[in-house]
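Structure record follows, encoded as structure tokens.
The values are calculated or read from the model by the stated rules, or taken from the named source; none is laboratory data. Note that the coordinates shown come from a computational prediction; the quantities given were computed from them, not determined experimentally. Glycine also receives a Cβ, built like all others from the backbone with ideal geometry; neighbour counts cover every protein chain displayed. All accessible areas refer to the heavy atoms of the entire protein, side chains included, with ligands and DNA or RNA removed. Shrake-Rupley method; radii C 1.70, N 1.55, O 1.52, S 1.80 Å.
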Amino acid sequence: MNVTDAQDVRLSLDGGINYFNGRPYSERFKKILAKRKELAVYDRMAAFFEMYDRTQVCLYVGETGSGKTTQIPQFVCYSDQPHLKGMIVACTQPRRIAATSVAKRVAEEMDVTLGKEVGYSIRFEDMTTPDCTFLKYMTDGMLLREAMADPTLSRYSTIILDEVHERTLATDILMALLKQLIKKRADLRLIIMSATLDARKFQTYFSLEEGALVPLLKVPGRTHPVEVFYTEEAQEHYVEAAIRAVLTIHRFEIPGDILVFLTGEEEIEDACKKIQQEIEFLISHKEMASSIGPLICLPLYSSLPPQQQQRIFDAPPAPRTHGGPPGRKVIVATNIAETSLTIDGIVYVVDPGFSKQKVYNPRIRVESLIVTPISQASARQRAGRAGRTRPGKCFRLYPEQVFTKELESQTPPEILRSNLGSTVLELAKLGIKDLVTFDYIDSPAPETLMRALELLYHLGALDTKFTLTPLGTVMAQFPLDPQYAKLLIESPKFGCSREVLTIVALLSAPNVWMRPIHKQREADQAKWLLSIPGGDHLTLLNAYNQYRLNIRDPQWAWKNYLSKRNLAQADNIRAQLQRIMERNDIPILSNFPDPKTEAQLHENIRKALLTGFFMQVAHWDIEKRAYLTVKDGQAVQLHPSSDLEGKPDWVMFNEFVLTTTPYIRTVSAVEPGWLLTEAPRFYDVSSWPEGTMRDALQRASKRVNRKPKRSAAT
Ligand code: CDP
Ligand code: MG
């Protein structure tokens, strides 16, 4: 086999002409190249080619920030030459924000246009050009979806699975599929890439021969020592503690930027505001002003708009006066900054020890994001962020005892803590028959698989033999949870697929309701004015419709406490879902344009939603003063954000939020009779255990049977 000569690649990069498009290199290219040459990965180019060129599958392990994600795919392009054979090199990322920001960076590094030679693909956003893009960054979920349409992934010549240590659900499934695929496609190359990894487990897993190991290249990063500090006691209010830590560092430590790990958007925005306020307060005091440098505090989380994401790479602020105390940059991030994104210049890390993690309880069929203590492995990664450029310090806001005795050593893979509804549908579409013996790297709990099969059976995606039905095949076309796909497909029967499409798009976009900390009353009032009796789904629809009606008024969304950006995103999602509906001949109807038929429209919309959400229903229990979820009888309360009035007996909900009080969020009223007409198989009362829920359903059933059958939608 031809071994690519690293020397030739270096010569090409140092020559004046771009190997991939024959154009002269720009000045910016040369400047970035100098930086690239400092990366640990760059030094090991020859060793990489030596391994890549002689094996079909290999592992590459290297410290965060050593240049894996940006450099390795470029190296691969020199050897694989996808541009000459009309193929694509793919590099998967668990996070959208990593896929987009790295693609942008690599397009700059390669001196090409983003979206042309180098592109990215994430759910609802394809930034590639057919017949031109040969290097594609994409989320692992997108590659999995592509595999459903093209099981041999025939467009790809090399697939790089990056950040494998994150063990996302999609990456785990991809690993199993690719393991099968490499046996069928001798020309396909696979690179498993990661920051920290139990390498041997993966070396064995991918080996096609018993007892053999696939090759591994391990590149130590150039990191500096990081001194770790603990608090004496556990902190009850970790956000407050983190803010205090930042202020202390800023006042007493030598220059260097700070990275703070918090758990989610709201918490992060809140902390940024408070830090900025505290600093301004300090600076406003004359005796302090001369000793405290300027500080800029920037948030970083996945739904942050791209321009704002980009600001994290800006330089820290300059001193206020010549020779005055130096400025400092503080970045308050989710665990995106743990390994996916590297920010240069970080010297201090503040780690409260928590992140939001998915947990799934198959008993009550609830998947939730919960603030959970991180693992030791995560804590080590976080600390490592402080030693990128020079020796750093990591402040863990918990006692050392907690680290050694209480934190788990690794975060369990996502497949062990997720609802597998979508995954099982995807696997069914991929023709995987036996879900239990499928070659997972870590097998999911049988109970979780059962729950997924049960859901898909009730939705009609699988038949009694658990094979994919025609409905299931169409459902699998949608990059949505199966419930949403089902109700979109059913919605034309209710004459309101246009409206339902809007609601699904809104539920798939980030939250459109804004509730700024100091304007909560005003925001609630604005939302109340938009609310529609019957529930939050209709209110969402109304907000969107009003936004479209007032599209010429650039202030409208802002005045109504709606996020224009998220509404625009919903618009984009809507357009894409509409295309999938059209491709599958699902008519887009709006049969109730007349205000006089509005009540009928609202009823039909809720019925249509029920065809997907019939398992997410709860019944008001007078004694318990709570809603009880159907089948599982879990007591829940309406989320405070809900505008649903009058405590209707039966409600359907979009989401179960597990906090100290379990809540249901985005809730609409439904009639019990609808449950029987729209989901007769699930609500077959005779099979239900005795109890108030069954009694209530039985009463409803009697009423339904007295009424004439529902006439077809007008
Ligand atoms: O994947 P890995 O963590 O090994 O590193 P990387 O993402 O390839 O990043 C290597 C270097 O590229 C970083 O240290 C940054 O200096 C730079 N980089 C950047 O400047 N802007 C980006 N959007 C991504 C990387
Ligand atoms: Mg990386």
(message) Report for the chain the percent antiparallel among DSSP-assigned beta bridges with both residues inside it, nearest 5.
(response) 40 percent
(request) Counting helices only, and only those DSSP H runs with n ≥ 4, report the 222 nm mean residue ellipticity of the chain as the sum of -39,500 (n - 2.57) divided by its residues, in deg cm²/dmol to the nearest 500. (result) -12000 deg cm²/dmol
(request) Might you report the magnitude of the Cβ-based charge dipole of the chain about its Cα centre, with Lys and Arg at +1 and Asp and Glu at -1, to the nearest 20 debye? (result) 1020 debye
(message) I'd like the distance separating the alpha-carbon centroids of the range 585-622 and the range 155-231, in whole Å.
(response) 46 Å
(request) Might you tell me the accessible area per residue for the chain, computed with a 1.4 Å probe and given in Å²? (result) 45 Å²
(message) With an 8 Å Cα cut-off and a minimum separation of 6 or more residues, compute the relative contact order for the chain in percent.
(response) 9 percent
(request) Using a/c under 1.5 as the rounded threshold, could you call the range 41-108 rounded, prolate or oblate? The axes a ≥ b ≥ c are square roots of the C-alpha gyration tensor eigenvalues, and prolate needs a/b larger than b/c, oblate otherwise. (result) oblate
(message) Let me check something: with ligands and nucleic acids excluded, how do K68, K631 order by accessible area (1.4 Å probe), largest to smallest?
(response) K631, K68
(message) Using only Cα atoms and rounding to the nearest 10 degrees, what angle (0 to 90) does helix 598-613 make with the longest principal axis of the chain?
(response) 60 degrees
(message) Restricting to Cα pairs below 8 Å that are 6+ residues apart, what does the relative contact order work out to for the range 516-573? Please round to a whole percent.
(response) 26 percent
(message) How large are Rg and Dmax for the range 366-482 when calculated on the C-alpha trace, in angstrom?
(response) 20.0, 61
(message) Using alpha carbons only, how many angstrom separate the centre of the range 49-86 from the centre of the range 297-333?
(response) 32 Å
(request) For the chain, evaluate the Debye formula with one uniform point scatterer on each Cα (no solvent term) and list log10 I(q)/I(0) at q = 0.08, 0.10 Å⁻¹, rounded to two decimals. (result) -0.71, -1.10
(request) Please name which of S121, T659, I432 has its Cα lying farthest along the dipole of the chain towards the positive end, using unit charges on Cβ (Lys, Arg +1; Asp, Glu -1) and the Cα centre as origin. (result) S121
(message) Taking the full set of protein chains and a 1.4 angstrom probe, give the accessible area of S284 in square angstrom, rounded to the nearest 10.
(response) 80 Å²
(message) Once ligands and nucleic acids are excluded and a 1.4 Å probe is used, how much of C58 is accessible, expressed in Å² to the nearest 10?
(response) 0 Å²
(request) Please list 214-220, 373-379, 455-461 highest first by mean number of surrounding beta-carbon atoms within 10 Å per residue. (result) 455-461, 373-379, 214-220
(request) Name the shape class, rounded, prolate or oblate, that the alpha-carbon gyration tensor gives for the range 5-130, where a ≥ b ≥ c are the square roots of its eigenvalues, rounded holds for a/c under 1.5, and otherwise prolate holds if a/b is larger than b/c and oblate otherwise. (result) rounded
(message) Just to confirm my numbers, what's the Cα centroid distance between the range 439-498 and the range 99-115 in Å?
(response) 36 Å
(message) Give the lysines whose C-alpha is closer than 22 Å to that of K85, dropping any in the same chain fewer than 8 places away, or say none.
(response) K116, K136, K183, K184
(request) Specify whether the C-alpha gyration tensor of the range 204-302 places it in the rounded, prolate or oblate class, a ≥ b ≥ c being the square roots of the eigenvalues: rounded for a/c under 1.5, otherwise prolate if a/b is larger than b/c and oblate if not. (result) prolate
(request) Search the structure for amide H atoms under 5 Å from the amide H of Q357, placed 1.01 Å from N in the peptide plane, and list their residues when 5 or more places away or on another chain. (result) I370, V371, T372
(request) With all distinct Cα pairs included, what does the Kirkwood hydrodynamic radius of the range 555-594 come out to in Å, to one decimal, could you say? (result) 12.1 Å
